[in-house]
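Working notes, structure below.
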Amino acid sequence: MTLTQDSSFLQGVNRSYDRAVSAMNLPPGLAEKIKLCNSVFMVRFPIGFRGRYEVFTGWRAVHSEHRLPVKGGIRYAPSVNQDEIEALAALMSFKCSLVEAPFGGSKGGLCIDPRKYDRDSLERITRRFTMELAKKGYISPSLNVPAPDMGTGPREMSWIADTYRSMHPEDINALACVTGKPVTQGGIAGRTEATGRGVQYGLREFFRHPEDVKPTGLTGGLAGKRIVLQGLGNVGYYAGKFLQEEDDAQIIAIIEHDGALVNDTGLDVEAVRQHMNEHKGVKGFPGGAYVEDGLSVLETECDILIPAALEAQITSRNAARIKAKLVAEAANGPLTFEAQEILRERNITVIPDFYLNAGGVTVSYFEWIKNLSHIRFGRMERRLEELRGTQFVQVLEEMTGKPVPKAWADRLKHGADELDLVRSGLDDTMRKAYQDVHEVLHTREGVGDLRSAAFVVAIERIALAYAEMGI
Ligand code: GLU
């Protein structure tokens, strides 16, 4: 929540939507239909803890059902509220549409501080919440498929799957009722890192489009770019780690809940995360200067600012002081609508959330397919590819009379396993979606920025689905 007069999260998403729609030619009434959330289920349920009762409040919002099932995470946070869940459900519709994951949009949340409960209590709460949602059709492999979000992870998804399965033992596809499960419980390799990986692939694709990079004043690729990263949770950690280790970007500041770390020559993301695991915060990390007022570090001069934590971090209060050349939204809704307007006026490019963090739902889509097909990706073809590669190397060596260098031979002989295929599918998805956005940005009148262009792509597909469905 912001202390400014900025739009609420939902108002902000709706205003961005309206802006994009004004550059489109939709039949009257359809724009309104697509904008509105179809239904919201609110539930209160009690849990008894040794003679004491506590009542929990949760939501599951279904934004658009033009494709089924609807898809989107469940978050656990004390600040969860209906406005936020509706906004996030709407973003899920546009996200899925943009990356061509054949789902409608949904989101759930439970008003709880998960750090205040032990594992067993969290399991009871999660199982009860699951039952409440499943009873009303808000969890089901064919209707509504949750996933992890803030405050939840593979462990919670495993409890959800097990609860659903025990309610529907005859459903052979029961495991597909939720994604983001541990690999041993029907999950897929690469799901945990997927959102961060998608941020990396999305940024790489942005830098492959010099026309779009030019207005930022940046040149070249990601190597050497100075990055300020907010949030070292699941999304920020993997994004920062991959950008640092594989793209040679420099993470010059990390902002966390207890303050920020700054080091002009670069922070070691892995080491900071280790420190956080041990000390529950960044304070005391030896490799960087500690700044207590973490939010002020958002205003550091840098090439790329990656907000990967909460919504509404950049508002009308601090947007004028942002000195990044490029803002890459890894979190959902980190900029309020007013902040977006200010950055637009200042010509600061923003890569929008529902594109950049779509890696999570993309790999969720692969997991869902895996669950429905009941077979691991790569199981049928991996050894065949390996055999073909080996034969290719042999033929090459026989024909040339020279040995193929070992590194090359190993690469040629490698048969794709599940992780290789997931990364390939994710990379392709992030590239294709960016190219679709780029095309709209440069060919349509009145679009103007990446967010509006992404909305246009997403809305057009949803509109087409409604038109073809015949409502
Ligand atoms: N919670 C993630 C998101 O906001 C993932 C959703 C999913 O995998 O369904 O995109």
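All of the numbers you see were taken from the coordinates with simple rules; none came from a lab. This is a predicted model, so every value here is computed, not measured. Because the Cβ atoms are built from the backbone with ideal geometry, glycine has one as well, and the counts that use them run over all protein chains shown.
Extension gain, LEU419 to LYS136, is 98.4 nm, computed as 0.36 nm per intervening residue step minus the present C-alpha separation.
Can you compute the FRET efficiency between HIS257 and GLU439 using 1/(1 + (r/R0)^6), with r the Cβ-Cβ distance and R0 = 60 Å? Round to the nearest 0.05. Once rounded, the FRET efficiency stands at 0.95.
Dividing the summed helix terms, -39500 (n - 2.57) for each DSSP H run of n ≥ 4, by the number of residues in the chain produces a 222 nm estimate of -14000 deg cm²/dmol to the nearest 500. Treating r as the C-beta distance of MET399 and LEU464 and R0 as 51 Å, the FRET efficiency rounds to 0.50.
For ARG67, the residues 5 or more places off, or on other chains, whose built amide H falls under 5 Å of its own are GLY104. Which of LYS214/LYS432; LYS35/LYS136; LYS181/LYS413 have a Cα-Cα distance over 28 Å? Result: LYS181/LYS413 exceed 28 Å.
Computed over the range 388-463, relative contact order equals 20 percent, with contacts defined as Cα pairs under 8 Å that lie 6+ residues apart. Would you please classify the overall shape of the range 246-307 from the alpha carbon gyration tensor, given that a ≥ b ≥ c denote the square roots of the eigenvalues, rounded means a/c under 1.5, and beyond that prolate means a/b larger than b/c while oblate covers the rest? Oblate shape, in that a/c is at least 1.5 and b/c is the bigger or equal ratio. A DSSP coil position with no more than 13 other Cβ atoms inside 10 Å describes the following trypsin sites (Lys or Arg not before Pro) in the range 11-78: ARG50. Normalised by the number of residues in the chain, the mean separation of alpha-carbon contacts (under 8 Å, six or more apart) gives a relative contact order of 16 percent. Taking every DSSP beta bridge with both residues inside the chain, roughly what % is antiparallel (nearest 5)? Bridges in the chain that DSSP calls antiparallel: roughly 50 percent. Relative to the Cα centre, the charge distribution of the range 393-471, modelled as +1 at Lys and Arg Cβ and -1 at Asp and Glu Cβ, gives a dipole magnitude of about 220 debye.
Look at the dipole of the chain built from charges on Cβ: of ILE348, CYS111, GLY266, the Cα furthest out on the positive end belongs to CYS111.
Can you tell me which lysines have their Cα less than 20 Å from the Cα of LYS135? Leave out same-chain residues fewer than eight positions away. Reachable lysines: LYS71, LYS107. Among the trypsin sites (Lys or Arg not before Pro) found in the range 349-443, those both in a DSSP coil and sparsely packed, with 13 or fewer other Cβ atoms within 10 Å of their Cβ, are ARG379. Taking label points 7 Å from Cα along the Cα-to-Cβ direction, GLN185 and GLN274 give a separation of 2.9 nm. Shape of the chain from the C-alpha gyration tensor: rounded (a/c under 1.5, with a ≥ b ≥ c the square roots of its eigenvalues).
A dipole drawn for the chain from +1 and -1 charges on Cβ atoms has a positive end, and of ALA312, PRO286, ASN38 the residue lying farthest that way is ASN38.
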